[in-house]
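Worksheet: one structure, shown below.
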Amino acid sequence: MSPHRRTTGLVSHAADPENLPLPHWARWLPLALVALALAVDLPTPGAFSGDVFLVLSAMSAACVLAPRPVVLTALLNSAAGLLLLFAGHLESDGGHAVVDYFALLLLAWASVPLCLLRMWLHRRLRGARQIAESAQRAVLPPVRAWLGSTWIAVRYEAASDAAAVGGDLYAAEETPYGVRLLIGDVRGKGLDAIPGVAALVGSFREAAHHTETLSMLARHLDEAVTRHTRDLAAVRDRDGTRSEQFVTAAIAEFPPGGGEVRLISRGHCPAFLAGAEGTRSWEPADPGLPLGLGELDPGPWTYDSRPFAPGDLLLMCTDGLLEARDADGVFFTPEEGLGGCWRQGPPTVVDTVARLVHRHAGGVLADDLALMAVTVTETPYRPPRAMASGSSEKSGGGCAVPPDPTGPSAEH
């Protein structure tokens, strides 16, 4: 499957428990504990009992195995306990061997209802996770990889282990005024920032189609953030909590005629351009105040314009990329990594830059990260319907890339 047709969705720093493979040693641990109990108990005098290992075997089976293997483990523990009983190795206090055996039997079979309870809780948790992920993806809808001749790739990583969406945001719309892109960072991170993300993305997706200039669009988004902050403050003031929210954002536009890219920044970090002249950062001359603070900046709000030929690449990011530090406190600079991969297309760019910043920071990032790489091709994208069906016939019914008439998703 070609990289620009691949969809991986939102990325969280926390690994998905459902996708973590169970270690092989965990599968064999209950059996190993039974063997250890017999190896410790049988060759030693009666005072040295290994029945504690049988109890551990039953409990570990309840934690890691499915119900049927748990029942088999309980049977095995019962048989091992019976063997120790007739061998005279359960007489821990001299006359209660049968009592000890029945206690062991009770603990061994208690693992079965415990396993069923664990499976029930797992199903409940999985359902809750699916609902939460659907709600979070409704906050940040998928971005189509191709909007006409504009090729887009997005990578998003939330710093919070509890959410797939954090305080960063992105959106892309194909409008009568060209392809418009939004990337931003709501003040704060984690679950508290999600309402602000939803408010701004929803406003952008609607206003981008009806607002003629980037300056007017930025003004509209500023008013939307101000209304959201005012409503949020009214609710939180009744709860006795403070509410102060603003959004740093950058809005880019690729006009229908091509040849240039326009960018307006509202307190956001710089973007990066890569082309035949090299890789360079792009920080507008007047970055302005963040959205939500427009009352303090009467304007005029202006945008910058740069030449943009087919094949050039624009990388927009949030401060989770530029504020990542290594062990010596040195900030990450994406220019070098971008210069080596920008010709390979937006999906490769976002994957490469994300890999490099993780390597630079030594693993998990401390802040949300959003990357949006964009390039323009000379001809619009056309879904390879004939290619997909033809490859399926040639492969004799093997796996083929399904046709996608609406264009693939850009999320990576």
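The values are calculated or read from the model by the stated rules, or taken from the named source; none is laboratory data. Since the structure is predicted, the reported quantities are computational estimates derived from the model, not experimental observations. No Cβ is skipped: glycine too gets one built from the backbone with ideal geometry, and neighbour counts run over all protein chains shown. To get the accessible areas, we keep the full protein, side chains included, count just its heavy atoms, and leave off ligands, DNA and RNA. Shrake-Rupley method; radii C 1.70, N 1.55, O 1.52, S 1.80 Å.
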With a 1.4 Å probe and all protein chains kept in place, how much accessible area does Val225 have, in Å² rounded to the nearest 10?
10 Å²
I'd like the Karplus ³J(HN,Hα) series for region 267-272: coefficients 6.51, -1.76, 1.60, θ = phi - 60°, whole numbers in Hz, and an x wherever there's a Gly or Pro.
x, 8, 6, x, 9, 9
Could you report the accessible area of His358 in Å², rounded to 10, computed with a 1.4 Å probe on the protein chains as they sit in the structure?
50 Å²
Order the following by accessible area, largest value first: Met59, Met372. Probe radius 1.4 Å; ligands, DNA and RNA are ignored.
Met59, Met372
Take Arg280, Arg230, Arg180 and sort them by solvent-accessible surface of the protein heavy atoms, 1.4 Å probe, largest at the top.
Arg230, Arg280, Arg180
Got a number for the accessible area of Arg118? Probe 1.4 Å, square angstrom, nearest 10.
70 Å²
Quick one: order Phe102, Phe86 from most to least accessible surface, probe 1.4 Å.
Phe86, Phe102
Which order, highest average first, do 27-37, 194-204 follow once you tally other Cβ atoms within 10 Å for each residue and take the mean per peptide?
194-204, 27-37
With the other protein chains left in place, how much accessible area per residue, in square angstrom, belongs to region 272-380 at a 1.4 angstrom probe?
47 Å²
Below 9 angstrom from the Cβ of Asp51, what's the summed charge of the other residues (Lys, Arg +1; Asp, Glu -1)?
-2
Report the net charge of residues surrounding Arg306, where surrounding means a beta-carbon distance below 12 angstrom and charges are Lys +1, Arg +1, Asp -1, Glu -1.
-4
Could you work out how far apart the two model spin labels at Thr333 and Leu75 are, taking each label as a point 7 Å from the Cα in the direction of the beta carbon, and quote it in nm?
6.8 nm
Checked region 237-341 against the a/c 1.5 cut and the a/b vs b/c comparison, axes a ≥ b ≥ c from its Cα gyration tensor; verdict oblate
So for the pair Arg343, Glu260, with labels modelled 7 Å out along Cα→Cβ, what separation do we get in nm?
2.8 nm
